[in-house]
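*Asks:* Sharing a structure, written as structure tokens. Questions coming.
The values are calculated or read from the model by the stated rules, or taken from the named source; none is laboratory data. Predicted, not measured: the structure shown is a model, and the values here were computed from it. Here the Cβ positions follow ideal geometry from the backbone for every residue, glycine too, while neighbour counts run over all protein chains shown. Side chains included, ligands, DNA and RNA excluded: accessible areas come from the protein's heavy atoms. Shrake-Rupley method; radii C 1.70, N 1.55, O 1.52, S 1.80 Å.
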Amino acid sequence: AEYMGGKNIIKSLIFLSSYYNTSFNLKFFKIIMYKKLFTFAFGWIKWFLSFIPAFKYEHVPKLDSTIKNFNSNFMKSFDTNEDKARRSAYQKTTEVFYNLITDFYEWGWGKSFHFAPRYNDETFRESIVRYEHLFASSLGIPTDKESLAKKEYQVLDVGCGVGGPLRAIARFFKFRVHVTGINITKEHINRAEKYNKQAGVRNYTLVHGDFNQIPRADGFFDAVYDFEATLHSTDRQKTFKEIHRVLKPGGRFVTAQYCLLDNYDPNNKYHLELIRKIDNANGCYCFGQTVKLTTSNLEKAGFKVISHEDVFAEGNGSDIRFHECFEGAKGAQFTGTSIGLRCTYAFTYIGESLRLLPRGTCEVQGLLMDAAESFKEAGKLGLISPGLLYICEKPLSKKD
């Protein structure tokens with residue numbers, strides 16, 4: 001019976017019912033049956049619960065009140081006193097935002113918190129790495145062993161997150177350049193340190209700090225890159241000036257910017273509402289950031305813009321538009337799709353109800369669902385792109 005039950009519960013029950021025909025054996029049969037059903041039910045529950053993310057949120061002691069305060073203080077319209085207040089407190093709001101969503105980002109997206117152009121025959125992870133290698137190859141740093149042996153190039157990762165791009169770029173140069181990552185979220189620095197050690201990454205430094213106040217001397221870095229991090233800046237020109245300050249003359253700054261596209265109409269209330277949702281649900285400041293304004297801010301900061309292009313535009317190296325990540329499995333991992341987001345919401349709700357997850361986890365997932373929906377709709381309408389790739393250079397002199 002044990003053997004048959006392991007192979008097929010129905011056959012096992014039929015066999016047992018025909019064999020145990022006395023009252024004693026019938027009781028014994030019931031015990032066996034209950035045991036089998038309990039084992040089957042327990043196995044199913046265990047399988048179901050395996051889909052619930054194992055988020056502990058030890059770095060956010062009061063998750064429930066933290067997410068409620070964030071939603072209350074950050075979810076504002078544009079031209080209000082509340083908006084001015086949140087901008088003045090950008091350091092706190094940015095750190096709180098990432099403390100809330102980092103577990104979800106890692107679980108559903110990976111350890112590189114950015115979009116990437118993707119060909120049809122690429123996996124999601126392959127596209128992420130290819131994009132990071134594109135950045136590395138655009139920094140103007142030689143890749144041959146002889147050149148890298150002559151000096152140690154210094155590279156800055158602006159808003160390094162948990163270190164996904166830093167690890168990829170460090171490996172691209174075979175650890176022969178020194179990569180410094182700066183991030184305002186202490187939890188990100190802690191995780192990046194852990195992941196770097198696990199991956200055997202060498203020749204790097206992690207700094208807990210503000211990219212508007214980089215603790216390095218003028219002209220310290222040979223190259224700087226930014227994967228969608230400066231979108232959290234409330235004053236892009238100020239941020240670009242600080243990056244310009246720490247970059248050596250002749251050095252390159254490669255950045256992926258969120259920019260509003262030509263289809264965006266500032267007089268269209270629906271367009272305004274979509275961008276407001278993107279800003280609110282992503283802890284960022286994209287409102288008003290057109291391609292023209294972004295280019296102007298870079299130039300006013302002192303950079304020469306060598307090139308810029310929307311990597312998600314047709315013919316620019318992506319078969320899949322960025323918003324397709326939220327439409328179907330074609331665009332990204334299942335967890336990023338509409339169905340995947342709803343499944344995650346259901347699992348977090350059940351997890352909270354069973355007290356397997358801290359209160360507030362479900363509300364964080366709701367925030368991310370709003371972000372995905374607004375991105376998807378704005379992408380379909382061609383209002384915004386997270387992939388305006390700028391390659392800039394700090395001139396050797398003011399005349400240059």
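*Asks:* Using alpha-carbon pairs under 8 Å, 6+ residues apart, how would you state the relative contact order of segment 265-374 in percent?
*Replies:* Once divided by the residue count of segment 265-374, the mean separation gives 22 percent.
*Asks:* Set the Förster radius R0 to 35 Å, insert the Cβ-Cβ distance between Asn316 and Glu152 as r into 1/(1 + (r/R0)^6), and round the FRET efficiency to 0.05.
*Replies:* Efficiency for this residue pair is about 0.55.
*Asks:* State in Å² the accessible area per residue of segment 120-239; use a 1.4 Å probe, count heavy atoms of protein chains only, and round to the nearest integer.
*Replies:* So segment 120-239 comes to 40 Å² accessible per residue, rounded to a whole number.
*Asks:* Something else now. Would you mind getting me the FRET efficiency between Lys197 and Tyr349? Use the beta-carbon distance for r and R0 = 45 Å, nearest 0.05.
*Replies:* Calculated transfer efficiency: 0.80.
*Asks:* Still on this structure, I have one more. What full-extension length gain, to one decimal in nm, is calculated for Asp144 and Asn120 as 0.36 nm per residue of separation minus the Cα-Cα distance?
*Replies:* Gain on stretching Asp144 to Asn120: 5.5 nm.
*Asks:* From a point 7 Å beyond the Cα of Lys292 in the direction of its Cβ, which residues of segment 261-286 have a backbone N at a distance under 18 Å?
*Replies:* 261-268, 272
*Asks:* If I take R0 = 30 Å and measure r between the Cβ atoms of His208 and Lys56 in this structure, what FRET efficiency does the formula 1/(1 + (r/R0)^6) give, to the nearest 0.05?
*Replies:* Calculated transfer efficiency: 0.90.
*Asks:* On to the next question. Where a ≥ b ≥ c are the square roots of the eigenvalues of the C-alpha gyration tensor, would you call segment 134-240 rounded, which needs a/c under 1.5, or, failing that, prolate if a/b is larger than b/c, or oblate?
*Replies:* Because a/c hits 1.5 or more and a/b fails to exceed b/c, segment 134-240 counts as oblate.
*Asks:* Pull out the extension gain between Phe334 and Arg130, defined as 0.36 nm times the separation in residues minus the alpha carbon to alpha carbon distance; nm, one decimal.
*Replies:* Full extension from Phe334 to Arg130 adds 71.4 nm.
*Asks:* OK, next. Between rounded, prolate and oblate, where does segment 284-326 land on the alpha carbon gyration tensor, with a ≥ b ≥ c its root eigenvalues, rounded for a/c under 1.5, else prolate if a/b exceeds b/c?
*Replies:* Judged from the Cα gyration tensor, segment 284-326 comes out oblate (a/c at least 1.5, b/c at or above a/b).
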